[in-house]
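Below is one structure; the comments refer to it alone.
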Amino acid sequence: MLAIFAALSSSAPPFSHSVSRVTATQLPHSWHPGCPVSPARLRRVRLTYWGFDGRAHNGALVANEDAVSDLVHVFSRLYEARFPIRRLRPIDFYGGRDERSLEADNTAAFNCRYVIGPGPPRWSVHAYGEAIDVNPVENPYLESGRVHPRAGRNYLDRSRVRPGMAVRGGLLVRAFAVVGWKWGGRWSGSPDYQHFSATGG
């Protein structure tokens with residue numbers, strides 16, 4: 001079995017990516033008039049990623065044009081290290097509904113929505129396309145006693161490191177740190193283990 005896995009790994013295609021513009025029509029659920037960033041500033045980034053099945057896959061995300069080079073750098077490093085990603089689909093695939101995307105363990109970036117949590121409504125960094133949630137089941141968000149997504153309860157023990165997790169000193173956290181992105185897992189009180197952003201918010 002190990003020999004078969006090694007053969008699959010050695011024959012995996014090289015990392016690849018492509019970047020294209022998007023329109024409001026292509027973002028029917030994740031963008032609307034009044035959002036803090038226009039579709040003209042957003043890009044669809046298609047990427048090769050390594051799955052939990054030990055195989056290469058092709059996926060896509062939508063992000064701010066200013067974040068594209070950072071994200072490509074991070075994902076190329078993750079792919080090279082065979083760090084597993086469950087799914088990589090734009091949030092529109094889930095009707096723009098954040099919880100549906102989280103429950104599917106989907107990695108996504110842009111979504112024009114407010115911050116999840118207490119306080120007055122304010123734009124999330126995701127609404128600017130400058131944040132990404134990676135493997136949300138393996139990396140849940142703890143908010144006022146709630147776990148997002150619910151399946152993330154199985155990963156609340158962060159000392160038990162399993163594939164796809166973001167942990168201090170781990171590959172995922174280090175890969176984002178190299179490009180200057182901050183990790184929500186360091187937030188006190190309400191750690192957001194899935195969340196990485198260019199601004200720290």
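A few notes on this one:
- Normalised by the number of residues in the stretch 14-197, the average gap of Cα pairs under 8 Å and 6 or more apart makes the relative contact order 18 percent.
- Distant-in-sequence amide H partners of Ala108 (H built 1.01 Å from N, under 5 Å): Asp133
- Sequence-distant contacts, meaning Cα pairs under 8 Å at least 6 residues apart, place the relative contact order of the stretch 156-201 at 28 percent.
- Scattering from the stretch 14-197 was approximated by placing one identical point on each alpha carbon and applying the Debye formula without solvent; log10 I(q)/I(0) at 0.19 1/Å stands at -1.38.
- For Ala60, the residues 5 or more places off, or on other chains, whose built amide H falls under 5 Å of its own are Leu47, Leu88, Arg89.
- Fully extended contour minus Cα-Cα distance, from Arg41 to Arg174, at 0.36 nm per residue: 45.2 nm
- The stretch 137-201: C-alpha gyration tensor shape, a/c 1.5 cut-off, then a/b vs b/c: oblate
- For the stretch 139-176 versus the stretch 33-49, the gap between their alpha-carbon centres in whole angstrom: 26 Å
- In sequence order, calculated HN-Hα J values of the stretch 62-76 (Karplus, 6.51, -1.76, 1.60; Hz; x Gly/Pro): 10, 8, 4, 4, 6, 9, 4, 5, 5, 5, 4, 4, 5, 5, 5
- Phi-derived couplings, Karplus 6.51 cos²θ - 1.76 cosθ + 1.60 at θ = phi - 60°, listed residue by residue for the stretch 132-142: 9, 10, 10, 6, x, 5, 6, 9, x, 10, 9 Hz, with x used for Gly and Pro.
All of the numbers you see were taken from the coordinates with simple rules; none came from a lab. Just so we're clear, the structure is a prediction, and the values are computed from it rather than from any experiment.
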